[in-house]
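Participant: Below is one structure. I have some questions about it.
The values are calculated or read from the model by the stated rules, or taken from the named source; none is laboratory data. Note that the coordinates shown come from a computational prediction; the quantities given were computed from them, not determined experimentally. Here Cβ is always computed from backbone atoms with ideal geometry, including for glycine, and neighbour counts include all displayed protein chains.
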Ligand SMILES: Nc1ncnc2c1ncn2[C@@H]1O[C@H](COP(=O)(O)OP(=O)(O)OP(=O)(O)O)[C@@H](O)[C@H]1O
Ligand SMILES: O=C(O)[C@H](O)COP(=O)(O)O
């Protein structure tokens, strides 16, 4: 893989860099700045080398619409506090404000373009549309550095197409993430347990069949769990559910049984009448979720079962909180899994923006885990053995 070290002396050059600044926010407040801190080694090297640094990043899923709620303003402010350089947020992505900001950029300083997902072509499935947008990005750089590990699984203009237009290489974060995750794909010590949760249910259900080939046990919690419960024939009330995948999930359970692999699903669930804290929160067995309630965490029996499975593991990868950990009433399941990982001797990797935020917010230190990866979906797809567009495009000369 080509890296930043292959790009020569960057002094005075305009370096266009993709970072993953998709940080969790509570209103305008960043609740975990881990992804910004993870970008600092590369960004600092570039500013200290006297490069003119133009950063591309996304926040959330604004789906091609300009939406202030998804502005990178809080990220620009935090980056400015963390790095010894001026950080200017451009008012748009490739419009007149971005051009003016890049024109005015001086060596050793940074312009952050607005959320690239405000541009409809950024995530287009039509190659020519993405390529045309990438050509506009290319006007801002002499070289391209890919350092947004959390998005390397996305075939998007600022991740993939841009790397074909400029001399390009991986930044230090991407290089380090790949080096650690490689250990999990080459010869993981067994038993190898993968814990899956979170809210991106459709995305992450689709990685399960490949994960079943590499892991010994899959532990399912978070929003993922309800599609499994439904596949077992249980009612899930108003919990999040990927109704289209119920039959596919039935197939996964059969496949696991045939291969002698285990899929653990919640035996009890914390339910609530609404997405929030208030009256009516209770723990029920997973086959008794009331029709008018939603599951927002795994229950205590499940937490104990999952902790036991983690205790016996030699390698663990975890992506996706077990419940809505942001609210104390639904944090116990995530905390129990984090504790089990922290207590175990297994080589453990925690991946994903919210997963990393969860362990930190619940009081765990980064060094209680083998590695905290900035990638959730990206790590999972890497572990599946899939080729990732944002990495493939950096291969060769
Ligand atoms: N039962 C549930 N119902 C609804 N949301 C849930 C449930 N359990 C967990 N979540 C939510 O899932 C979110 C995190 O999911 P997500 O899949 O984005 O994980 P991630 O670690 O950020 O991975 P990635 O980096 O791929 O985004 C949290 O905000 C949490 O509140
Ligand atoms: O949070 C993430 O996993 C990355 O930033 C990618 O975001 P996406 O799933 O919206 O592409």
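Participant: Please specify each residue of the stretch 45-70 satisfying the condition of being closer than 25 Å to residue 108 by Cβ, away from ligand 2 (no atom under 16 Å from the Cβ) and not in a strand (DSSP E or B).
Facilitator: 45, 46, 47, 48, 49, 50, 51
Participant: Would you list the helices (runs of 4 or more DSSP H) that sit entirely within the stretch 132-244 and hold 2 or more residues that are within 16 Å of ligand 2 (Cβ to nearest atom) and modelled with pLDDT of 95 or more? Give the derivation first.
Facilitator: Details: elements: 172-186, 201-205, 208-214, 225-231.
Those helices (runs of 4 or more DSSP H) span 172-186.
Participant: Out of the stretch 365-397, which residues are part of a loop (DSSP other than H, G, I, E, B) and either at positive phi or touching a strand residue (DSSP E or B) at 6+ places or on another chain (Cβ under 9 Å) (or both)? Give the derivation first.
Facilitator: From the stretch 365-397, those part of a loop (DSSP other than H, G, I, E, B) are 365, 369-370, 374-376, 384-388, 393-397; that's our starting set.
Listed by number, the residues that qualify are 369, 370, 374, 375, 376, 385, 393, 394, 396.
Participant: Same structure again: Being within 12 Å of ligand 1 (Cβ to nearest atom) and in contact with a helix residue (DSSP H, G or I) (Cβ under 9 Å, 6 or more places away or on another chain) is the requirement here; does residue 359 meet it?
Facilitator: Details: within 12 Å of ligand 1 (Cβ to nearest atom): yes; in contact with a helix residue (DSSP H, G or I) (Cβ under 9 Å, 6 or more places away or on another chain): yes.
So residue 359 passes the test.
Participant: Specify which of the listed residues (336, 340, 346) is in contact with a helix residue (DSSP H, G or I) (Cβ under 6 Å, 6 or more places away or on another chain), more than 16 Å from ligand 1 (Cβ to nearest atom), modelled with pLDDT of 95 or more and more than 12 Å from residue 153 (Cβ to Cβ).
Facilitator: Step by step, each of 336, 340, 346 is checked, and only 340 is in contact with a helix residue (DSSP H, G or I) (Cβ under 6 Å, 6 or more places away or on another chain), more than 16 Å from ligand 1 (Cβ to nearest atom), modelled with pLDDT of 95 or more and more than 12 Å from residue 153 (Cβ to Cβ).
Participant: I would also like to ask the following. Mind checking which residues of the stretch 1-42 are under 18 Å from residue 101 (Cα atoms) and more than 19 Å from the chain's Cα centre (by Cα)?
Facilitator: Pass one, the stretch 1-42, residues under 18 Å from residue 101 (Cα atoms): 12-18.
Result: 12, 13, 14, 15, 16.
Participant: Return the total of residues in the stretch 295-305 being assigned to a helix (DSSP H, G or I), in contact with a strand residue (DSSP E or B) (Cβ under 8 Å, 6 or more places away or on another chain) and crowded, with 24+ Cβ neighbours inside 10 Å.
Facilitator: At the first step, the residues of the stretch 295-305 found to be assigned to a helix (DSSP H, G or I) are 300-305.
Then keep just the ones that are in contact with a strand residue (DSSP E or B) (Cβ under 8 Å, 6 or more places away or on another chain); that gives 300-302, 305.
Subset that is crowded, with 24+ Cβ neighbours inside 10 Å: 302.
Qualifying residue count, the stretch 295-305: 1.
Participant: How many of the residues in the stretch 61-72 are exposed (fewer than 14 other Cβ atoms within 10 Å of the Cβ) and within 15 Å of residue 29 (Cβ to Cβ)?
Facilitator: Residues meeting the conditions: 1.
Participant: With respect to residue 356, is the statement that it is touching a residue at least 24 places away in the same chain (Cβ under 8 Å) and within 16 Å of ligand 2 (Cβ to nearest atom) true?
Facilitator: On the way: touching a residue at least 24 places away in the same chain (Cβ under 8 Å): yes; within 16 Å of ligand 2 (Cβ to nearest atom): yes.
So residue 356 fits the description; yes.
Participant: Let me ask something else about it. Regarding the stretch 288-295, can at least one residue be identified that is modelled with pLDDT of 95 or more and closer than 14 Å to residue 199 by Cα?
Facilitator: Let us first name the residues in the stretch 288-295 that are modelled with pLDDT of 95 or more, namely 288-295.
Of the ones still in play, those that are also closer than 14 Å to residue 199 by Cα are 294-295.
Checking the stretch 288-295: at least one residue is modelled with pLDDT of 95 or more and closer than 14 Å to residue 199 by Cα.
Participant: Residue 91 - would you say it is surrounded by fewer than 20 Cβ atoms within 10 Å (Cβ to Cβ), in the same structural domain as residue 135 (by TED's automatic domain parsing), touching a helix residue (DSSP H, G or I) at 6+ places or on another chain (Cβ under 7 Å) and closer than 20 Å to residue 147 by Cα? Show your work before the answer.
Facilitator: On the way: surrounded by fewer than 20 Cβ atoms within 10 Å (Cβ to Cβ): yes; in the same structural domain as residue 135 (by TED's automatic domain parsing): yes; touching a helix residue (DSSP H, G or I) at 6+ places or on another chain (Cβ under 7 Å): yes; closer than 20 Å to residue 147 by Cα: no.
So residue 91 does not fit the description; no.
Participant: In the set 249, 267, 283, 316, which member is touching a residue at least 60 places away in the same chain (Cβ under 8 Å) and touching a helix residue (DSSP H, G or I) at 6+ places or on another chain (Cβ under 9 Å)? Before you say what the answer is, go through the steps one by one.
Facilitator: Details: 249 fails: touching a residue at least 60 places away in the same chain (Cβ under 8 Å); 267 fails: touching a residue at least 60 places away in the same chain (Cβ under 8 Å); 283 fails: touching a residue at least 60 places away in the same chain (Cβ under 8 Å).
Exactly one residue qualifies, and that residue is 316.
Participant: Which of the residues belonging to the stretch 12-44 are surrounded by 18 or more Cβ atoms within 10 Å (Cβ to Cβ) and more than 16 Å from ligand 2 (Cβ to nearest atom)?
Facilitator: Within the stretch 12-44, 13, 14, 15, 16, 42, 43 qualify.
Participant: Moving on to the next point. Quick one: what pairs do we get from the stretch 18-43, first residue modelled with pLDDT under 95, second assigned to a strand (DSSP E or B), C-beta under 6 Å, 6+ apart or different chains?
Facilitator: Cβ pairs passing all conditions: none.
Participant: When the residues of the stretch 309-329 are narrowed to those that are within 16 Å of ligand 2 (Cβ to nearest atom) and part of a loop (DSSP other than H, G, I, E, B), which ends up surrounded by the fewest Cβ atoms within 10 Å (Cβ to Cβ)?
Facilitator: Pass one, the stretch 309-329, residues within 16 Å of ligand 2 (Cβ to nearest atom): 317-321, 325-326.
Still in the running and part of a loop (DSSP other than H, G, I, E, B): 320-321, 325-326.
Details: 320: 26, 321: 29, 325: 25, 326: 16.
Result: 326.
Participant: Still on this model: Mind telling me which of the residues 194, 201 ends up being within 30 Å of residue 225 (Cβ to Cβ), within 16 Å of ligand 1 (Cβ to nearest atom) and touching a strand residue (DSSP E or B) at 6+ places or on another chain (Cβ under 6 Å)? Spell out the reasoning first.
Facilitator: Working: 201 fails: touching a strand residue (DSSP E or B) at 6+ places or on another chain (Cβ under 6 Å).
Exactly one residue qualifies, and that residue is 194.
Participant: Among the residues of the stretch 204-231 satisfying the criterion of being under 18 Å from the mean Cα position of the chain (by Cα) and under 17 Å from residue 301 (Cβ atoms), which is farthest from ligand 1 (Cβ to nearest atom)? Walk me through it before giving the result.
Facilitator: Of the residues in the stretch 204-231, the ones under 18 Å from the mean Cα position of the chain (by Cα) are 204-208, 211, 220-224.
Next, only the ones that are under 17 Å from residue 301 (Cβ atoms) stay: 220-222.
Details: 220: 11, 221: 7, 222: 4 Å.
Here the residue is 220.
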